[in-house]
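*Asks:* I am attaching a structure below and will ask some questions about it afterwards.
The values are calculated or read from the model by the stated rules, or taken from the named source; none is laboratory data. The structure displayed is predicted, hence computed values, not measured ones. Neighbour counts run over all protein chains shown; Cβ positions are idealised from the backbone, glycine included.
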Amino acid sequence: MMEYAGGRDPVHRPLRVALCGGGRTGHLNAVLFKQLAGVKVSLLTSRSEVIERHRNGGAITALLPDGGSLAARLDVVASEPAEVIADADVVIVTVPAHARPALLQEIAPHLPPDKPVYVGAIPGFCGFDWLAEKALQSRSNAVIWGMKDVPHTAYDLKPGVSVRMGGPKSTLYIGTHAREGDAARDELLAHLRRLYTAPVELLGHYLEITLTPGNPIMHSSVVYGLVGPYGQWHKRVFPARMCWWTDCTELGAYFLERSDQESLMLCKAIEQRLGLDLSSVKPLKQEIIEAYGDQIRDPASMLSVLRTNQAYDAIEAPLVPAPGGTGYTIDTESRAFHEDVAYGLSLLVAMAGRLKVPVPHIAEIFKWNVSYMNGLRGSALDYFPDHWPA
């Protein structure tokens, strides 16, 4: 068994962490947190097999990159919020962005009312601060935060049984809602530094998370490059399964670079309009290189960064069998559409529209993806403040 070294400052008073979401990130974080002294971990999930396995005494195993493993039996695993979060100090939302509005409405009445409770999202993109402000408006003791990205990639999930850990981030960046005071921010930092091995740094403004280039432009651009009007697989089926990044096409990387440039232009316009310092928002290629470092074998170009990042190896694109049973097509029910397009890309398009910043590639990719997924069922525009950027 490999040992997991937790936060840098050992703290022995109990810390109760509730993870909301039984996917890859929720499973992996739950196992890692349970290696720490004094940390109690609860998991809120709708997966009946995970709950049943826990009731029967089963542990969850994290399979580590070096071939080792860590196992943990969580303190509580349930589908009822009252059982999971009633005494929580930290609540971490790991469900996809399109599932977060309903989740926050479900858990809000059950948050502890008599102490600060730190409610955050990993990752915190898609305007989570605005969503949580709206959903938790009756809970003034809730401190709203988000993490810029996941602490580790995670894949090959067997619910309730095991999850495989991929590459770690070298530094973790968090942001809080603009309403939070210094004392709340300091306490949040102390909690997260206890939970994570990597350094945790506090950003100046939550928009640094919302505007950081990531999945909303990455997944939508790659899909557009694959099966969009100029793609090699436009109106064709894939003969075999493929990976998001190791099989990324030159065209996908091209559209990604154009979208990244437009996103940075939007960021500069927001800096000027709101008088903010958003210098932590960097070009996507630089963000990936700084996050993964030596795990990238060839950092020369956007395409080589995507194809040779060991942390991205084996992450499959969302494919389903094509009609007729021959080959595969992109799964339009994937979170790459219902999270990244509906709740991520839509926000960039809306912000650019209000500031009159031209983003032709992002706008075209968004429009095409929405059509490809047969329209939006909901989006970040449901909670994007009407008054912004005032």
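*Asks:* For the stretch 325-336, state whether one or more residues are among the polar types (S, T, N, Q), within 29 Å of residue 169 (Cβ to Cβ) and part of a loop (DSSP other than H, G, I, E, B).
*Replies:* yes
*Asks:* Out of all the residues in the stretch 15-62, which are outside any loop (DSSP other than H, G, I, E, B) and among the β-branched types (Val, Ile, Thr)?
*Replies:* 17, 25, 31, 39, 41, 50, 51, 60, 61
Listed here are the residues, each with its yes/no results for (1) surrounded by fewer than 19 Cβ atoms within 10 Å (Cβ to Cβ); (2) polar (S, T, N, Q); (3) within 22 Å of the chain's Cα centre (by Cα).
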{"position": "52", "(1), (2), (3)": "yes, no, no"}
{"position": "79", "(1), (2), (3)": "yes, yes, yes"}
{"position": "84", "(1), (2), (3)": "no, no, yes"}
{"position": "90", "(1), (2), (3)": "no, no, yes"}
{"position": "94", "(1), (2), (3)": "no, yes, yes"}
{"position": "102", "(1), (2), (3)": "yes, no, yes"}
{"position": "118", "(1), (2), (3)": "no, no, yes"}
{"position": "121", "(1), (2), (3)": "no, no, yes"}
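*Asks:* Filter the stretch 317-336 down to the residues that are on the phi < 0 side of the Ramachandran plot and in contact (Cβ under 8 Å) with a residue 60 or more places away in the chain and list them by number.
*Replies:* Listed by number, the residues that qualify are 317, 319, 322, 326, 328, 329, 330, 335, 336.
*Asks:* Continuing with the same structure: Are there any pairs with C-beta distances below 8 angstrom linking a residue in the stretch 342-359 that is over 21 Å from residue 375 (Cα atoms) and in the same structural domain as residue 377 (by TED's automatic domain parsing) to a residue that is among the aromatic types (Phe, Trp, Tyr) and surrounded by fewer than 17 Cβ atoms within 10 Å (Cβ to Cβ), with the two at least 6 apart or on different chains, and if so which?
*Replies:* Filtered contacts from the stretch 342-359: 354/388.
*Asks:* Can you find, within the stretch 312-346, the residue that is farthest from residue 231 (Cα to Cα) among those that are among the acidic types (Asp, Glu) and touching a strand residue (DSSP E or B) at 6+ places or on another chain (Cβ under 6 Å)?
*Replies:* Applying the filter and picking the extreme gives 316.
*Asks:* A further question on this structure: Give the residue, chosen from 241, 236, that is in the same structural domain as residue 361 (by TED's automatic domain parsing), over 22 Å from the mean Cα position of the chain (by Cα) and closer than 30 Å to residue 47 by Cβ.
*Replies:* Only one candidate qualifies: 241.
*Asks:* Got a number for residues in the stretch 209-223 being at pLDDT 95 or above and either among the polar types (S, T, N, Q) or surrounded by fewer than 22 Cβ atoms within 10 Å (Cβ to Cβ) (or both)?
*Replies:* Count: 3.
*Asks:* Test residue 287 against the stated conditions and say whether it is of a type in the set (Asp, Glu) and under 27 Å from residue 198 (Cβ atoms).
*Replies:* yes
*Asks:* Can residue 262 be described as charged (D, E, K, R), in a helix (DSSP H, G or I) and in contact with a Ser or Thr (Cβ under 9 Å, 6 or more places away or on another chain)?
*Replies:* Judged against the criteria, residue 262 is not a match.
*Asks:* Let me ask something else. Of 291, 314, 269, which residue is touching a residue at least 60 places away in the same chain (Cβ under 8 Å), aliphatic (A, V, I, L, M) and not in a helix (DSSP H, G or I)?
*Replies:* One residue alone meets the criteria, 314.
*Asks:* Going by the conditions given, is residue 250 in the same structural domain as residue 330 (by TED's automatic domain parsing), of a type outside the set (A, V, I, L, M, F, W, C) and touching a residue at least 40 places away in the same chain (Cβ under 8 Å)?
*Replies:* Yes: the conditions hold for residue 250.
*Asks:* So, one more: Which one is surrounded by the fewest Cβ atoms within 10 Å (Cβ to Cβ) among residues in the stretch 125-168 that are among the hydroxyl-bearing types (Ser, Thr, Tyr) and in contact with a strand residue (DSSP E or B) (Cβ under 8 Å, 6 or more places away or on another chain)?
*Replies:* 155
*Asks:* Go over the candidates 63, 70 one by one and state the one that is more than 21 Å from the chain's Cα centre (by Cα) and surrounded by 15 or more Cβ atoms within 10 Å (Cβ to Cβ).
*Replies:* Step by step, each of 63, 70 is checked, and only 70 is more than 21 Å from the chain's Cα centre (by Cα) and surrounded by 15 or more Cβ atoms within 10 Å (Cβ to Cβ).
*Asks:* If you check residue 361 against the conditions, is it closer than 21 Å to residue 94 by Cα and buried (at least 18 other Cβ atoms within 10 Å of the Cβ)?
*Replies:* Taking the combined requirement at face value, the residue does not satisfy it.
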